[in-house]
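Structure first, then comments.
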Amino acid sequence: MKKLILLCLLISHVSFGQSKLVSQTIGKIDIQEDTVKSVFDWIVKNIKYDVNKLQKIKNGKSPTGKMKFYTTNERNVYLIDQVVKKKAGVCQDYSLLLDVIMKELGYESYIIKGYTKRKDGSIGGAFGHTWNAIKVNGEWKLYDPTWGAGTVENGKKFHQNYDLNWYDVAPEKMIERHMPYDPIWQLLDTPYTYENFNKNTIPTPQEPKYDYNTLIAEHLKKDDKSRMEAEVARSEELGNTINLVKEWRKLTLRNMSIHGVTSNRELLEKGKEAGSNAIEGFNFYVEARNKHFKGKKWSAVNAKAKLVEAKDNIEIAYDIFNNIDVDEPELKMKINEYIDRFKQIKQKIDEGLVYIKDMKGI
């Protein structure tokens, strides 16, 4: 779960002019009077849901395999090329492809991150979802190309079934089953709280009103760091909710902490510091375990807290080193060594958390 939401968060809103396959794809689309519908129809009719990729993600594997990338843009170009070549993808691929093509055609477009409900009203599993907002004739409209393409049976078999209900969806209809992490993308004057969505209730008249058009316009003018800060603030205004949202907030704040660093040297130092802090926390756990968690300082509760903090730090370190942009071959090799080391440390931290849970029940 934590790895899919991160992949949905690393999707950046950038130009994909570098991808020749995107231009070739646009050339294949029979653009009619309704440009957006022409693109939407092509995607949902030509891209199948990749259930094998879904299973890999569920098993904690990276959707990019062993490929390594030094910028988010480089990673996204790879993802978009793969979905076009294979004509298959998961939700982030559908929404990414629609977003990229619409931007190439001159539209304002945005990938919305959130979670969904099943038809029976229950929360749709432990994974997040992505869909799209596109500005058409001065008005933001909502689309879900993944759901428009068909359905997945028991997470194993895709049934292609063109569903126009997920094209240009009214905000009041979309909120019935789609909850954005950031409430401005509900496109509602009175946004639903997480509790409203989770419990199938509607907002009260006393709920705060939103001028979402103004908020979105201001949001898109901000730099990445300011955007993330505003997203989390608006999310927190909606109150406590399910773990999926809490994890999204946590990861967004982590990504936010990386932005604003002005050089690779500063960024590497920040990553190394986070890695050192993670090792320090893990070493505390080792010492506490050797002391059989006896004494207030070395209690299992304190050891677990140190491990949780260590896990946050090692993930920050990994994110920094995995996404840094460098050209020097020797430095790239050194960075890859750090990445491998961070993976090993994270595995040890996870094993420590499991041990404390199994042995101490916390």
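The values are calculated or read from the model by the stated rules, or taken from the named source; none is laboratory data. Treat the numbers as computed from the prediction; the structure is a model and nothing was measured. Counting neighbours? That spans all protein chains shown, and the Cβs are built from the backbone with ideal geometry, glycine included.
Quick notes
- Among residues of the range 28-40 that are under 20 Å from ASN132 (Cα atoms) and among the aromatic types (Phe, Trp, Tyr), those with a beta-carbon under 8 Å from a residue that is part of a loop (DSSP other than H, G, I, E, B) and at pLDDT 90 or above at least six positions away or on a different chain give the pairs PHE40/TYR167.
- Flag set for LEU97, criterion: buried (at least 23 other Cβ atoms within 10 Å of the Cβ) and out of contact with any Phe, Trp or Tyr (no Cβ under 8 Å at 6 or more places or on another chain).
- Scanning the range 280-311 for residues that are assigned to a helix (DSSP H, G or I) and crowded, with 18+ Cβ neighbours inside 10 Å yields a count of 12.
- Of residues in the range 100-133 being assigned to a helix (DSSP H, G or I) and in contact with a strand residue (DSSP E or B) (Cβ under 6 Å, 6 or more places away or on another chain), the one surrounded by the fewest Cβ atoms within 10 Å (Cβ to Cβ): LYS103
- Which listed residue is at pLDDT below 95 and within 30 Å of SER109 (Cα to Cα), from ARG289, ARG227, ARG265: ARG227
- Residues that are among the acidic types (Asp, Glu) and assigned to a strand (DSSP E or B) were ranked within the range 134-154; the one that is modelled with the lowest pLDDT is GLU153.
- Against the list (1) surrounded by fewer than 20 Cβ atoms within 10 Å (Cβ to Cβ); (2) among the acidic types (Asp, Glu); (3) touching a Gly at 6+ places or on another chain (Cβ under 9 Å), the condition GLU266 fails is (3).
- Picking from residues in the range 319-334 that are in a helix (DSSP H, G or I) and without any contact (Cβ under 8 Å) to a residue 40 or more places away in the chain, the one that is farthest from ASN283 (Cα to Cα) is PRO329.
- Number of positions in the range 109-133 that are at pLDDT 95 or above and over 15 Å from PRO180 (Cα atoms): 1
- Residue list for the range 156-192, restricted to those being crowded, with 22+ Cβ neighbours inside 10 Å and within 17 Å of GLU236 (Cβ to Cβ): MET179, PRO180, TYR181, ASP182, PRO183, ILE184, TRP185, GLN186, PRO191
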